[in-house]
């Protein structure tokens, strides 16, 4: 008999699948196999639930199977129960079912199951897949048993567990949820607005806007959510994540936001949005700087960043993506964007644009599995008259908690920051307001200690020099490590050849 899940039961059920895979595949690859299975099980069980409801009305099997009675079409032979009956070449059967379901739902599900190597029996033998399918078959994932919010929360739990299990490489698909919630509250998304994340990972920032409106008992289903993600498998997880949270008006594109932005306005220009939330990849080197120098979309208005740091390319993409009247953004960056010398000209142009509303410095550890301190920069296309020509600086470095090796923001931390943000006035040792002329006097540096009292200007300058030097040293070490890894891989290839 079907019963409602508790949150703990759901978490144990979902994580139990990872235990089946332990030792067989890398932890970083769990997501591309477990998430599609959860999604296939969910849509199969919901199809059955919809069928039962339609049978009560029509008392006719054929009528109950009509497309209008179902959210998604499941072709004959592609239901979870069909897969459960397969004993050989299970991976091939799964892949056939997934591709057939995608094809049968061309407007909603193309590519949603990702690109897992289901047919590789060395990686996933039939015995392992049979164990996974039997594990998931122990529960019924109907909406009656597991409403959308609860299954969505379970999915988020699994995303974090995979991030924990696979280490710092997981940052591409997980951003600290307490920080995401703060960023969402800073921007105050409203019903009917468009929300965009240019580097959306698994879609957590987009989902947070719907969750915030739900929390306030406001209409959330008419939010228009847009995201782009470079990693194909991760973009598929984002699409599943939106569906499992009950979000139907979600648009997740796969591709490189800098070289091929997915959302255009029909006239070849970038589409603009009311709200932009983003955690761009930190200082990537492998990007097409030459193309950005002659950018088709006019995103290089502040200049062209150095090849080794694409941060200001993403910065300018986001600025260009703001609706000229309603647009506002919250972007998570490392502190270096505020003061690095090589970006001085770009930063000067940014300051002069008067888009910056707030520079919020946060404590260490809020970047996933990294000790770096984070900064959130908020932009607003049209500032209130009293905020024009002014920037708010908040030094919230101490507003952070750390438990069991994880840093996070308590509600008290979020509220103190939000109160200072809304007040937009000096607050001794915590917040300061600077005019653009005052920022120009400091060489257009946005380093928070230059504005929030506590250090002398000389000490701050020395402090920033040290931070900049350490950042450059870390980058050099990373490059050396990558070069050594490439050499070792080449040697291994030659030895095995």
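The values are calculated or read from the model by the stated rules, or taken from the named source; none is laboratory data. This one's a predicted model, so the numbers in the text were calculated from it and none came from an experiment. Note that we place each Cβ from the backbone using ideal geometry, even for glycine, and neighbour counts take in every protein chain shown.
In region 220-232, how many are within 13 Å of the chain's Cα centre (by Cα) and assigned to a helix (DSSP H, G or I)? Don't jump to the end; show me each part of the working.
Restricting attention to region 220-232, the residues satisfying the condition of being within 13 Å of the chain's Cα centre (by Cα) are 225-231.
Among the residues that remain, those that are also assigned to a helix (DSSP H, G or I) are: none.
Looking only at that region, the number is 0.
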Check region 109-116 and report whether any residue there is free of Cβ contacts under 8 Å to residues at least 40 places away in the same chain, more than 18 Å from residue 136 (Cα to Cα) and over 26 Å from the mean Cα position of the chain (by Cα).
-> no
Considering every residue within region 243-250, establish whether at least one is in the same structural domain as residue 296 (by TED's automatic domain parsing), in contact with a helix residue (DSSP H, G or I) (Cβ under 7 Å, 6 or more places away or on another chain) and part of a helix (DSSP H, G or I).
-> yes
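Every residue, every condition in (1) farther than 11 Å from residue 313 by Cβ; (2) assigned to a loop (DSSP other than H, G, I, E, B), yes or no:
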residue	(1), (2)
262	yes, yes
268	yes, yes
276	yes, no
280	no, yes
284	no, yes
291	no, no
295	no, yes
299	no, yes
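From the list 286, 349, which residue is over 21 Å from the mean Cα position of the chain (by Cα) and either modelled with pLDDT of 95 or more or exposed (fewer than 15 other Cβ atoms within 10 Å of the Cβ) (or both)? Spell out the reasoning first.
On the way: 286 fails: over 21 Å from the mean Cα position of the chain (by Cα).
The unique qualifying residue is 349.
For (1) over 30 Å from residue 297 (Cβ atoms); (2) without any contact (Cβ under 8 Å) to a residue 24 or more places away in the chain, each residue gets a yes or a no:
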residue	(1), (2)
322	no, no
326	no, no
357	no, no
365	yes, no
375	no, no
394	yes, no
411	yes, yes
417	yes, no
423	yes, yes
Residues that are over 16 Å from residue 271 (Cα atoms) and not in a helix (DSSP H, G or I), drawn from region 309-323 = 309, 310
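Residues are listed down the side, and each one gets a yes or a no for (1) within 24 Å of residue 425 (Cβ to Cβ); (2) surrounded by 23 or more Cβ atoms within 10 Å (Cβ to Cβ):
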{"residue": "314", "(1), (2)": "no, yes"}
{"residue": "322", "(1), (2)": "no, yes"}
{"residue": "329", "(1), (2)": "yes, yes"}
{"residue": "334", "(1), (2)": "no, no"}
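Is it fair to say residue 303 is in contact with a helix residue (DSSP H, G or I) (Cβ under 9 Å, 6 or more places away or on another chain) and exposed (fewer than 15 other Cβ atoms within 10 Å of the Cβ)? Write out each step before concluding.
On the way: in contact with a helix residue (DSSP H, G or I) (Cβ under 9 Å, 6 or more places away or on another chain): yes; exposed (fewer than 15 other Cβ atoms within 10 Å of the Cβ): no.
Criteria not met by residue 303.
In the list 161, 139, which residue meets the criterion of being modelled with pLDDT under 90, crowded, with 16+ Cβ neighbours inside 10 Å and either within 25 Å of residue 232 (Cβ to Cβ) or touching a helix residue (DSSP H, G or I) at 6+ places or on another chain (Cβ under 9 Å) (or both)? Talk me through it step by step, then tell me what you get.
Values: 139 fails: modelled with pLDDT under 90.
Step by step, each of 161, 139 is checked, and only 161 is modelled with pLDDT under 90, crowded, with 16+ Cβ neighbours inside 10 Å and either within 25 Å of residue 232 (Cβ to Cβ) or touching a helix residue (DSSP H, G or I) at 6+ places or on another chain (Cβ under 9 Å) (or both).
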